[in-house]
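Written below as structure tokens is the structure these notes are about.
The values are calculated or read from the model by the stated rules, or taken from the named source; none is laboratory data. Values in this document were obtained by computation on a predicted structure and should not be read as measured data. Cβ atoms come from the backbone with ideal geometry, glycine included; neighbour counts cover every protein chain shown.
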Amino acid sequence: MRWLRAFLPVASVAILTVVAILPWGLPVEDRFVLPLLPIVAIMYWTLDRDAWLPEWAVFLAGLMLDVLTQGPLGYWALIYLVAYIAAVFVSHLRFETALGRFGAFAGAIIGVTAFAWLAASVYFLKVLDWEPYIRSAAFALAAACLILGVRAIFGSRNESDRAVRLTRGA
Amino acid sequence: MARLKDGLLFSRRGDDAVPGRRLRPILFFFVFVSCALMLLSRLDHSILAGTRWQIASWLTPVLKTAMIPVEPIRDLGRTISTQVALQSELERLRQENRRLGNWEWRARRLETKLTDLEALAKVVPEQKLDFVTSRVIADSIGAFVHNVTIEAGRTRKVESGYPVINADGLIGRIVDVGPDAARVLLATDINSRIPVVVGPKAVRAILAGDNSAEPRLMYLADGAKVSPGDDVSTSGVGGLFPAGLRLGSVADDTSSEPRVALKADLDRLDYVSVLFFNDPSARLINDPVSRKSATDSAEPISAEGMDP
């Protein structure tokens, strides 16, 4: 299953990036939800230490979104990299419970969304409407909740399959 | 190897150090590149625009392929939302049908009258517009831009500047054309400016997008009265769009500045038509015969004017 962990992170981020561009018929105010989905994937895989998600893949995913949406070049690339940095910081924190882990994950998503709003406001040199960002963050949190829930179910089932970690002392 | 690099192989159980990824210098390089690209975008660098559209054109086959599984999902969503709103929609359609019945009778009478008058005045018939209909393969409606990518490009004789409509009226115009794809700048985009006429008195204005769902009316003449519900259509001024393309009506909320509720649902664009409309006055300017006759007629006047 190691090849899956090497292939799946990059593939999932790339697929979600393409999904974010396709015309789904969502209302204008809810369109910001779609580009946040790759962020959830980036954070999820960054927190999984065994998964292979290089920085260039994150950068290219954002850049691809910028190119295809005709938005400011570098905007989504920057937001995705910030999501990656946030996830790296979260991965160094220690949590005893699943709720704590989810809390950190949720905090990171909210922080990245706030940064996205700030960056867009700076780009336009005016304070943008924050409501679409709040709605999108809520949707991204729901998606994260779903993913972590599924992971909790399947993770506990596959616990015995995982490689043994060598530790010194006992 | 990754574990060896991260120094986790001999981590002590109960150690304070929690295993995790590290931030590598290349990450900050990418952050710097992203910021630099944003700055160049802000400065509207011409090289970026050309390269970006070229790359987007190359990725068109990817988007076309990705659209294959999307369409059934989108159709399903539409079917569900239609079923949910069916009862209220039926009632609305009944009322509309009743109202339109009267209008049809009036329209037929006016049409007959207009045909007679046109024949009497020997009016030059309007330019018949050719068009091509294409599927929307990508949309980018967000905080920054409101545009869609369509499947028709230069091979289908689509050119930059052509108006784009759907069954509900004008939706925007072509701004970038590739061999097999074109980008449509929607009427709601911040860069969109459309000359329009408003209401029964044909008040002239400019419909300006601001990335919100309802674009605003700018440059209304002093004292011009615009009421909610007034129809808004293209004026044809400037030759960018043909006159009389329907856009929508003045929105109910006119508290601060008049806005227009577009007839077309820009959130759900499936198929759109590109009108092969070229500015007639541009053709006049480029025509060598008309240019020569204009020069000939201008010369004696200037000569008379110059000689005392």
Subject >> When residues of the range B:50-75 are limited to those that are within 9 Å of chain A (Cβ to nearest Cβ) and among the small types (Gly, Ala, Ser), the one surrounded by the most Cβ atoms within 10 Å (Cβ to Cβ) >> reply: B:ALA56
**OP:** Considering only the range B:40-58, state which residues are of a type outside the set (Val, Ile, Thr) and at pLDDT 80 or above.
**Re:** B:LEU40, B:SER41, B:ARG42, B:LEU43, B:TRP58
**OP:** Hand me the list of strands (runs of 3 or more DSSP E) wholly inside the range B:185-230 holding 3 or more residues that are of a type in the set (S, T, N, Q) and either surrounded by fewer than 17 Cβ atoms within 10 Å (Cβ to Cβ) or at positive phi (or both).
**Re:** none
Original post:
If you go through the range B:246-266, how many residues are assigned to a loop (DSSP other than H, G, I, E, B) and out of contact with any Gly (no Cβ under 6 Å at 6 or more places or on another chain)?
Top reply: 10
**OP:** With the checklist (1) in contact with an Asp or Glu (Cβ under 7 Å, 6 or more places away or on another chain); (2) within 14 Å of another protein chain (Cβ to nearest Cβ) in hand, flag the one item B:GLU214 doesn't pass.
**Re:** (1)
Original post:
Condition test on B:ILE174, is it hydrophobic (A, V, I, L, M, F, W, C), surrounded by fewer than 21 Cβ atoms within 10 Å (Cβ to Cβ) and touching a residue at least 40 places away in the same chain (Cβ under 8 Å)?
Top reply: no
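Per-residue answers, yes or no, for (1) touching a Pro at 6+ places or on another chain (Cβ under 7 Å); (2) facing chain B (nearest Cβ under 10 Å); (3) of a type in the set (Gly, Ala, Ser):
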site: A:SER12; (1), (2), (3): no, no, yes
site: A:ILE15; (1), (2), (3): no, yes, no
site: A:LEU22; (1), (2), (3): no, yes, no
site: A:LEU26; (1), (2), (3): no, yes, no
site: A:PRO38; (1), (2), (3): no, no, no
site: A:TYR44; (1), (2), (3): no, no, no
site: A:ARG49; (1), (2), (3): yes, yes, no
site: A:VAL58; (1), (2), (3): no, yes, no
site: A:GLY62; (1), (2), (3): no, yes, yes
Original post:
Taking only pairs six or more apart or across chains, which ones have beta-carbon atoms under 6 Å, a first residue in the range B:51-62 that is without any contact (Cβ under 8 Å) to a residue 60 or more places away in the chain, and a second residue that is buried (at least 19 other Cβ atoms within 10 Å of the Cβ)?
Top reply: B:ARG52/A:VAL67; B:ILE55/A:VAL67
**OP:** Take the residues in the range A:4-30 that are of a type in the set (A, V, I, L, M) and outside any helix (DSSP H, G or I), then tell me which one is surrounded by the fewest Cβ atoms within 10 Å (Cβ to Cβ).
**Re:** A:LEU26
Original post:
From the list B:VAL132, B:VAL124, B:VAL164, B:VAL158, which one is surrounded by fewer than 20 Cβ atoms within 10 Å (Cβ to Cβ) and at pLDDT 90 or above?
Top reply: B:VAL132
**OP:** Would you mind telling me which numbered condition in (1) among the charged types (D, E, K, R); (2) more than 9 Å from chain B (Cβ to nearest Cβ); (3) assigned to a helix (DSSP H, G or I) A:GLU96 fails?
**Re:** (3)
Original post:
For the subset of the range B:67-81 comprising residues that are over 23 Å from the mean Cα position of the chain (by Cα) and among the hydrophobic types (A, V, I, L, M, F, W, C), which member is nearest to B:THR149 (Cα to Cα)?
Top reply: B:ILE68
Subject >> Condition broken by A:LYS126, with the remaining ones in (1) over 27 Å from B:PHE32 (Cβ atoms); (2) more than 8 Å from chain B (Cβ to nearest Cβ) satisfied >> reply: (1)
Original post:
Assuming A:PRO72 fulfils every condition listed in (1) within 13 Å of the chain's Cα centre (by Cα); (2) surrounded by 23 or more Cβ atoms within 10 Å (Cβ to Cβ) apart from one, which condition is it?
Top reply: (1)
Original post:
Exactly one of (1) within 14 Å of another protein chain (Cβ to nearest Cβ); (2) surrounded by 17 or more Cβ atoms within 10 Å (Cβ to Cβ); (3) in a loop (DSSP other than H, G, I, E, B) is unmet by B:ALA152. Its number?
Top reply: (1)
Original post:
Of all residues in the range A:31-59, how many are assigned to a helix (DSSP H, G or I) and either surrounded by fewer than 15 Cβ atoms within 10 Å (Cβ to Cβ) or of a type in the set (Val, Ile, Thr) (or both)?
Top reply: 7
Subject >> Residue that is within 27 Å of B:VAL184 (Cβ to Cβ), out of contact with any Lys or Arg (no Cβ under 7 Å at 6 or more places or on another chain) and more than 14 Å from chain A (Cβ to nearest Cβ), where the choices are B:THR133, B:THR112 >> reply: B:THR133
Original post:
Taking the range A:75-93 only, how many residues are touching a residue at least 24 places away in the same chain (Cβ under 8 Å), more than 7 Å from chain B (Cβ to nearest Cβ) and surrounded by fewer than 24 Cβ atoms within 10 Å (Cβ to Cβ)?
Top reply: 3
**OP:** Those residues that are more than 9 Å from chain B (Cβ to nearest Cβ), free of Cβ contacts under 8 Å to residues at least 40 places away in the same chain and either under 13 Å from the mean Cα position of the chain (by Cα) or not in a helix (DSSP H, G or I) (or both), I need them from the range A:129-145; list them, please.
**Re:** A:TRP130, A:LEU141, A:ALA142
